[in-house]
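A.B. asks: Dumping the structure here so I can ask a few things about it.
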Ligand SMILES: [Zn+2]
């Protein structure tokens, strides 16, 4: 060009032959970057003809000629060049000189820029949409640290070359991607081996013509809905490392070598379609899977990383599809930071594995742990079937629950990275926003129903805490921790009678219920305030159908004593087997004299017979039905001492003993009568205001003496004129009650039973008893004062 331009140099003489200087002016030299290596230069000229321009770049001539533009090529991006132009005539005259500097920058630097260092510093490498880069040269080969997104796009960065293995997907600029972890604490920016850039709307291609595969052992690899979207999970090849020929031969008999890849691909797609919303969510793609066959004990081990392996052992051959599924879930699923490996996160993680098995039909409802298992984060099937309930069976199913919850394990999510995983994620991922503990309670009840349980017990009130279910006819003679002495609430699923006992072996005080009770701590059937809480007393239980009744006692007979008195059989007492003592009463002798006196009348070996009959008699007088008896006694201890100075015997539901004192031998004359009186105390309602309310005391003692009257046993005689006040207790009150039940113009045969029920916290709804309530339970609804006046007049 320079030579050709040189020929343009020519002279131009003035018309008059004189030598006038030729002139011209160059203006507006512009330098425009056209590419990363070229600059377009343009200029304007006015003046005499015959000019030739000479353009230099940093002093080097790049153009000579009479044109008004030039494209300078072969330049280096990032470099500043200075151009200078001058026009020259053949006469040697010259124009003005104009210069211009320009820095060459790529006008289209790329859609993203990778940087070696964080904060967009250090070496930079651009890439464009649809560019795929398989080899990262130094200094990028192990050190991409930050990313700048110039134009909207998706960036897939892989830990393997050829777009394989783990992938991180980015759509926004990020100053330091090194803080991201994907598993095993590996830092991302040290792991990226290749990447590709795609438009934001780009999607992985679908897989067509999927088919389920039948394995030779009868199992099948299914095709799950949506799995065709997960072509990125295709396994391109399956390498085999045979360390045990026998295991390998067994495997080949189930999945032949030439079928391995297609089956692994379908399993991979199935697994991912359960765990992920879309292919971009899959953090870990597998180019090759390495199968290793060993003969060591166990089933399958999974190794993630740049050399993903499934190590198969003989145990895995029994259910190959199931174990391969579990292994592939472990390869593809999200893992939390290592420091977050808690019992709960481990349980959730293994729950994902078995949930996939449920979705794939490998597990069905028969695999659900009995009653749902416990606790919810126990992992595996326990957690998986809980998740299955939330997703598919709850009153409002949460069809995206598993995918949403699994995404909370994705450390790529900036809302999650660096934060400890919290079980509140479960609350956020279910449609109703219920926290996991309440979901678990709901699920457990559902599972108990599914498994045919009739009643559920809880160790917390309001059906909280640990639980266990039992069925009609089931009995437990010993409640294990955490329920021992801590059953707090009961839920009745199917109509049942529930008997809960204060002793092991279904003995002792019994609480009976036919309905759910949210807090059994509240009911208190004990006079002793220190023992008002049932929850801490339940030691065994039994659940019966609603139609169940206590067995009757047959062949009852009167029992005679050496002093000629008789423990009689009260009508209806054969219905009260519930109160039959299970063991002979132990004897505690503090006073030998008293013991000898009693033994002479009632030998030690006869105590149980007498006590059994006295118990049944007392209950026949106090209760309409055996279920109303609130206290059973495994044994009633006989205690002989000389300290008693008030009662002949002392009875307590809590301690289940009767104390024989010297007075027992004389007071009211006869031992049988005294035993009858005291055994009424063992089984009657015992309100807490017994000793503080005169009328309550009178009723309790009056009913006890009433029992001896109706049994025609020796009893203190009726006071003259019936006594002074109806509530003087004992014989005074007892004969008054006898009048109401047996002698009044209109008799009230159920009066004493109704009165006892009025004092029973199980029936009175917390109402503090008052004598005015006697009006409710006599046949003519008379006040107790009116009845007393009528009784006195009758006398
Ligand atoms: Zn008494």
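Computed from the coordinates by the stated procedures, all read-outs in this text should not be read as laboratory data. Just so we're clear, the structure is a prediction, and the values are computed from it rather than from any experiment. Quick reminder, even Gly has a Cβ in these numbers, built from the backbone with ideal geometry, and neighbours come from all protein chains shown.
A.B. asks: At 0.36 nm per residue, and after removing the present C-alpha to C-alpha distance, how many nm does the segment from residue 200 to residue 169 gain when stretched out fully?
C.D. replies: In short, 10.0 nm is gained.
A.B. asks: Over the chain, what is the percentage of antiparallel beta bridges among all DSSP beta bridges, to the nearest 5?
C.D. replies: 85 percent
A.B. asks: What ranking, highest mean first, results for peptides 589-597, 352-360 when packing means the other Cβ atoms within 10 Å averaged over each residue?
C.D. replies: In decreasing order of mean packing, 589-597, 352-360 become 352-360, 589-597.
A.B. asks: Quick check on the exposure proxy: order 240, 274, 135 from fewest to most C-beta atoms within 10 angstrom.
C.D. replies: With the fewest neighbours first, 240, 274, 135 line up as 135, 240, 274.
A.B. asks: Here's something else I'd like to know. How far is helix 343-359 tilted off the main Cα axis of the chain, in degrees rounded to 10, range 0 to 90?
C.D. replies: 80 degrees
A.B. asks: Simple spin-label model, 7 Å along Cα-to-Cβ: residue 79 to residue 780 in nm?
C.D. replies: Spacing of the two 7 Å Cα→Cβ label points: 12.9 nm.
A.B. asks: Quote to one decimal, in nm, the extra length available between residue 228 and residue 278 on full extension: 0.36 nm per residue of separation minus the C-alpha distance between them.
C.D. replies: Fully extending the segment from residue 228 to residue 278 adds 16.9 nm.
A.B. asks: State, to one decimal in nm, how far the label point of residue 341 lies from the label point of residue 49, with both points 7 Å from Cα in the Cβ direction.
C.D. replies: The two pseudo-label positions are separated by 9.0 nm.
A.B. asks: Pop a pseudo-label 7 angstrom from the Cα along the beta-carbon direction at both residue 97 and residue 58 and give the gap in nm to one decimal.
C.D. replies: So the label points at residue 97 and residue 58 sit 1.9 nm apart.
A.B. asks: Treating the angle as unsigned and between 0 and 90°, give the value, to the nearest 10°, between the Cα long axis of helix 592-601 and the longest Cα principal axis of the chain.
C.D. replies: Long axis of 592-601 versus the principal axis of the chain: about 70 degrees.
A.B. asks: Does the stretch 29-110 come out rounded, prolate or oblate, given a ≥ b ≥ c as the square roots of the eigenvalues of its C-alpha gyration tensor, rounded meaning a/c under 1.5 and, failing that, prolate meaning a/b above b/c?
C.D. replies: Prolate shape, in that a/c is at least 1.5 and a/b is the bigger ratio.
A.B. asks: Also: In what sequence do 332, 499 fall when counting other Cβ within 10 Å, fewest first?
C.D. replies: Fewest-to-most ranking of 332, 499: 499, 332.
A.B. asks: For an R0 of 51 angstrom, estimate the FRET efficiency from the Cβ-Cβ distance between residue 435 and residue 637 and round to the nearest 0.05.
C.D. replies: Approximately 0.55, to the nearest 0.05.
A.B. asks: Considering Cα pairs under 8 angstrom that are at least six residues apart, work out the relative contact order of the stretch 342-450 and quote it in whole percent.
C.D. replies: Reported as a whole number, the value is 26 percent.
A.B. asks: Now, a different point. Using 0.36 nm times the number of residues separating residue 141 and residue 690, minus their current alpha carbon distance, what extension gain do you get?
C.D. replies: 188.8 nm
A.B. asks: Could you calculate the FRET efficiency of residue 245 with residue 494 from 1/(1 + (r/R0)^6), where r is the beta carbon distance between them and R0 is 60 Å, rounded to 0.05?
C.D. replies: 0.60
A.B. asks: Would you mind checking the tilt of helix 607-622 against the longest principal axis of the Cα atoms of the chain, expressed as 0 to 90 degrees and rounded to 10?
C.D. replies: 80 degrees
A.B. asks: With n ≥ 4 as the cut-off for DSSP H runs, can you work out [θ] at 222 nm for the chain, using -39500 (n - 2.57) per run divided by the number of residues, rounded to the nearest 500?
C.D. replies: Counting only the DSSP helices, I get -7000 deg cm²/dmol.
A.B. asks: Tell me the relative contact order for the chain as a rounded percent, counting alpha carbon contacts under 8 Å between residues six or more apart.
C.D. replies: 5 percent
A.B. asks: Oh, and also: Would you mind computing Rg(Cα) / (2.2 N^0.38 Å) for the stretch 357-463, counting N as its residues?
C.D. replies: 1.12
A.B. asks: Continuing with this model, one more query. How would 787, 215, 324, 795 line up from fewest to most surrounding beta-carbon atoms within 10 angstrom?
C.D. replies: By the 10 Å Cβ count, ascending, the order reads 795, 215, 787, 324.
A.B. asks: Across the Cα atoms of the chain, what radius of gyration and what greatest pairwise Cα-Cα distance (Dmax) are found, in Å?
C.D. replies: In order Rg, Dmax, the Cα atoms of the chain give 48.3, 177 Å.
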